[in-house]
Amino acid sequence: MTLFHLILVALVQGITEFLPISSSGHLILAPMVTGEPDQGPMIDMAVHVGTLFAVILAFRREVAEAFFGFFHLLRGHTDRWDARLALFLIVGTIPVVIVGAIFNAFGIMDWLRDGSRALAVIGWTTLIFGILLYIADKFTAQQREMQQITLKDTVMIGLAQAVALIPGTSRSGITMTAGRFLGLDRVSAARFSMLLAIPTIIAAGALGTKDIIESGDTQLGIDALIAAGLSFIAALIAIKLFMRWIASASMTPFVVYRLILGSVLLWLAYV
């Protein structure tokens, strides 16, 4: 891969992973727009790992709570918030792991990434889930904080996260949408969404790292490290700015962007 392509992919992933606009959709669209070859799933995985370290650093307090809470959970101390947080992150990750394994086993992800088909898929998901995000954000009351999340809420948000395996849906977008429909305030919905990304990316990143090592491709490994480092920087900045934004503003600008992008993609797919 050229350095330009690596920088492009890293910036796209870093900026879009935690914004409700779909990083996977943008990673598929990037080579279509620039004429560069598809970077492939291993580079996609590398930039996801970069964003993983960014979200861990940005939410280090909550990550530490969940880490130590896991050991309290093992002792059955579910009356503690840190133990419940650990439980919720585990339960919320199960659906995406199961659905992801099915997608990989049957080649569904490769089928969805097909050039001509991808435009239509990303167009529809960008549009539909953008509208749902607007409805959830505009018409639901901001009544609950993250510490008030229940196991039932977590299952619903986890199921929503699994749907995000379809390109264009946006993992962060659909989990925030689910959180808002369940009555979480914007900041809490976003915070839990980002924390829920951690075990998901760890699972996917471990698989991607294994594939890179087994490939024996030294250049691919170097490219992956560069892309991961750049995406880490971009994601850390994006997280800070996004959390600052939603503390006092709505999701509407992201919805407008999704509506415009989705409409353009559908026009290109069908005209």
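The values are calculated or read from the model by the stated rules, or taken from the named source; none is laboratory data. All figures in this text were calculated on a predicted structure; none of them were measured in a lab. Cβ atoms come from the backbone with ideal geometry, glycine included; neighbour counts cover every protein chain shown.
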Open item on the list: If I ask for residues that are hydroxyl-bearing (Ser, Thr, Tyr) and in a loop (DSSP other than H, G, I, E, B), which ones from the stretch 134-155 would you list?
Closed with: 140, 150
TODO: Go through the residues of the stretch 39-51 one by one and say whether even a single one is surrounded by 15 or more Cβ atoms within 10 Å (Cβ to Cβ) and more than 30 Å from residue 114 (Cβ to Cβ).
DONE: no
Task: Only listed residue being among the small types (Gly, Ala, Ser), within 18 Å of the chain's Cα centre (by Cα), farther than 19 Å from residue 112 by Cα and modelled with pLDDT of 85 or more, chosen from 69, 14 - done: 14
Open item on the list: Based on this model, can you work out whether residue 111 counts as free of Cβ contacts under 8 Å to residues at least 12 places away in the same chain, among the aromatic types (Phe, Trp, Tyr) and either within 22 Å of residue 182 (Cβ to Cβ) or surrounded by fewer than 21 Cβ atoms within 10 Å (Cβ to Cβ) (or both)?
Closed with: yes
Open item on the list: For the condition out of contact with any Lys or Arg (no Cβ under 6 Å at 6 or more places or on another chain), part of a helix (DSSP H, G or I) and over 16 Å from residue 55 (Cβ atoms), what is the one hit in 168, 158?
Closed with: 158
- [ ] Examine the stretch 152-161 for a residue that is surrounded by 15 or more Cβ atoms within 10 Å (Cβ to Cβ), under 24 Å from residue 263 (Cα atoms) and not charged (D, E, K, R), and state whether such a residue exists.
- [x] yes
Open item on the list: Just checking: which of the helices (runs of 4 or more DSSP H) contained wholly in the stretch 1-92 hold 1 or more residues that are on the phi > 0 side of the Ramachandran plot and not basic (Lys, Arg)?
Closed with: 40-58
TODO: Could you please find all residues in the stretch 226-260 being in a helix (DSSP H, G or I), more than 18 Å from the chain's Cα centre (by Cα) and touching a residue at least 12 places away in the same chain (Cβ under 8 Å)?
DONE: 226, 252, 259
- [ ] Pull up the stretch 238-271, narrow it to residues that are under 20 Å from residue 54 (Cα atoms) and basic (Lys, Arg), then point me to the one that is surrounded by the most Cβ atoms within 10 Å (Cβ to Cβ).
- [x] 240
- [ ] Please work out which residue is surrounded by the most Cβ atoms within 10 Å (Cβ to Cβ), limiting yourself to the stretch 22-35 and to residues that are in contact (Cβ under 8 Å) with a residue 60 or more places away in the chain and closer than 22 Å to residue 56 by Cβ.
- [x] 22
Task: the stretch 114-128, subset surrounded by fewer than 14 Cβ atoms within 10 Å (Cβ to Cβ) and part of a helix (DSSP H, G or I), residue farthest from the chain's Cα centre (by Cα) - done: 116
Open item on the list: Let me spell it out: the conditions are (1) crowded, with 21+ Cβ neighbours inside 10 Å; (2) free of Cβ contacts under 8 Å to residues at least 40 places away in the same chain; (3) over 30 Å from residue 269 (Cα atoms), and residue 62 meets all of them except one. Which number is the exception?
Closed with: (2)
Task: Residues that are without any contact (Cβ under 8 Å) to a residue 40 or more places away in the chain and within 17 Å of residue 86 (Cα to Cα), drawn from the stretch 154-181 - done: 156
Task: Residue under evaluation residue 131, criteria (1) within 29 Å of residue 223 (Cβ to Cβ); (2) assigned to a helix (DSSP H, G or I), criterion not met - done: (1)
TODO: Specify which of the listed residues (54, 83) is among the small types (Gly, Ala, Ser), surrounded by 23 or more Cβ atoms within 10 Å (Cβ to Cβ) and more than 24 Å from residue 130 (Cα to Cα).
DONE: 54
